[in-house]
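Asks: Take a look at this one; I'll ask things after.
Each reported figure results from applying straightforward, stated rules to the coordinates on display, with no laboratory input. Please read these numbers as outputs of a predicted model, since none were measured by experiment. Please note: Cβ atoms are built from the backbone with ideal geometry, for glycine as well, and neighbour counts cover all protein chains shown.
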């Protein structure tokens, strides 16, 4: 594009590329073309306003930590050990922290019994589990490769897969998590097409965003399918220790050391601000992950690693997890009780027994994304379901997070949301078959998928190459 600029008749001609809005647009890599702000990040400016009850972002209740003790501990790491804690470290992560990570994973059966492969040598420390997922995608995914993921799926994972230019094919879930029969159908479809999935991405415990948990029997069925179809599984497990009514279920990684790459995080059980997570992988994969991480960040931050290791060494961290669980249980109960008391007919939701989230389905004809401006006007925030699908479906769904607000605020937020939904139902009834999107000035949308996905009865899997950009662990 040629532009003319000048002053008092002096003209200069210059050739520039790109567009008027972004002069660098023709220089970007192809993998950036689908990047958009996530549904969660787009809400940040709104939910920070004190008058808005945010049931959107999954921010842990860090004020429940012994903050004085944690502050003193971190201060000592700098004043007494600064020569080490403020220096570069190992690309794989601090050895002492990797040992303590194995202690944490043992609570879910990893390294216990027959899992002889369990070793600190196979732990790679990352900057949150989000970086761990990005490393896995970098190591395994070429443009156009297929990744299987639950419908719905964690928005940050979809962003990673989009950046890797992978094609996401969703597999349906129900109230018990990923459906093995739907996974088999997806794998058979790929086989018939002469293709295969690079891996299955799953959040088996207290799923983000659906809140459901995969039973032990289904885990075994999925692992059997992985053996039958030579499928790799990426098990993302930030919430596994945050159950309300039972001991943690055995991790899938504890049952299949060579089939499962395990992602863990201290963001939900300690502090998201420290950004410490890990990948636990077979030896050959571990080597690739370390090389990829060194190319990306050289090494994870020493200070935050030492802080987590010291916390695990000196603080009653397992008791602190129980404190978190009781706090989140109270807030979950406030959410479910309020939904049962206030929501109009036709609204349904999951009933999590751990974690941070409730997945809510609106009556037929309503669109959570279209409804969102009315909710913000009513001073309540949620995350529309479309952000959790690579193909843009999920219009009838929304995610509610109960981990951060106090119970009274949750009740008030649900009351406001119920009023908004009632208004949307009345609007649709008044105008009959007119799409409510057109009444809000938005384009009509299409509902797709099944069970916990928008409309039961459709195909067990559907694909898209789009997605949201990576988000922090917290959302």
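Asks: Mean separation of Cα pairs under 8 Å and 6+ residues apart, divided by the residue count of segment 132-198: what relative contact order is that in percent?
Replies: 34
Asks: Arrange 153, 54 by Cβ neighbour counts within 10 Å, fewest through most, would you?
Replies: Sorted ascending by nearby Cβ count, the order is 54, 153.
Asks: I'd like the antiparallel share, as a percent to the nearest 5, of DSSP beta bridges with both residues in segment 67-316.
Replies: Roughly 35 percent of the DSSP beta bridges within segment 67-316 come out antiparallel.
Asks: Classify segment 67-316: rounded, prolate or oblate, from the alpha-carbon gyration tensor (a ≥ b ≥ c, eigenvalue square roots; a/c under 1.5 rounded; otherwise prolate if a/b is larger than b/c)?
Replies: Verdict is prolate for segment 67-316.
Asks: Let me know the shape class of segment 189-333, please: from the alpha-carbon gyration tensor, a ≥ b ≥ c as square roots of the eigenvalues, rounded when a/c is under 1.5, otherwise prolate if a/b is greater than b/c, or oblate.
Replies: oblate
Asks: Report relative contact order for segment 67-316 in percent, whole number only (criteria: Cα-Cα under 8 Å, sequence separation at least 6).
Replies: Numbers: 413 pairs, mean separation 71.9, N = 250.
Relative contact order here is 29 percent.
Asks: Roughly what % of DSSP beta bridges within segment 144-281 run antiparallel, to the nearest 5? Don't jump to the answer; show the numbers that get you there.
Replies: On the way: 6 of 23 bridges.
Around 25 percent antiparallel, to the nearest 5.
Asks: Which residues does a label at residue 30 reach in segment 362-392, if reach means a backbone N under 13 Å from a point 7 Å past the Cα toward the Cβ?
Replies: Answer for this model: none.
Asks: Moving to a separate point now. I need to check one value: relative contact order of segment 84-144, counting alpha carbon pairs closer than 8 Å and at least 6 residues apart, in percent.
Replies: Over segment 84-144, the number comes to 32 percent.
Asks: Which FRET efficiency value, to the nearest 0.05, is calculated for residue 284 and residue 322 with the Förster distance at 30 angstrom and r the Cβ-Cβ distance?
Replies: 0.20
Asks: Could you please rank 268, 322, 351, placing first whichever residue has the fewest other Cβ atoms within 10 Å of its Cβ?
Replies: 322, 351, 268
Asks: Starting from the Cα of residue 423, step 7 Å along the direction of its Cβ; do the same at residue 90; then give the gap between the two resulting points in nm.
Replies: For residue 423 paired with residue 90, the spin-label model returns 5.7 nm.
Asks: What whole number of Å gives the distance from the Cα centroid of segment 157-220 to the Cα centroid of segment 321-395?
Replies: Cα centroid to Cα centroid, the span is 22 Å.
Asks: Let me ask something else. Full extension from residue 181 to residue 121: what is 0.36 nm times the residue separation minus their Cα-Cα distance, to one decimal in nm?
Replies: Working: separation 60, 0.36 × 60 = 21.60 nm, distance 3.59 nm.
Gain on extension, residue 181 to residue 121, equals 18.0 nm.
Asks: Going by C-beta contacts inside 10 Å, put 187, 107 in order with the fewest on the left. Walk me through the numbers before you get to the answer.
Replies: Values: 187 22, 107 15.
Going from least to most buried by this count: 107, 187.
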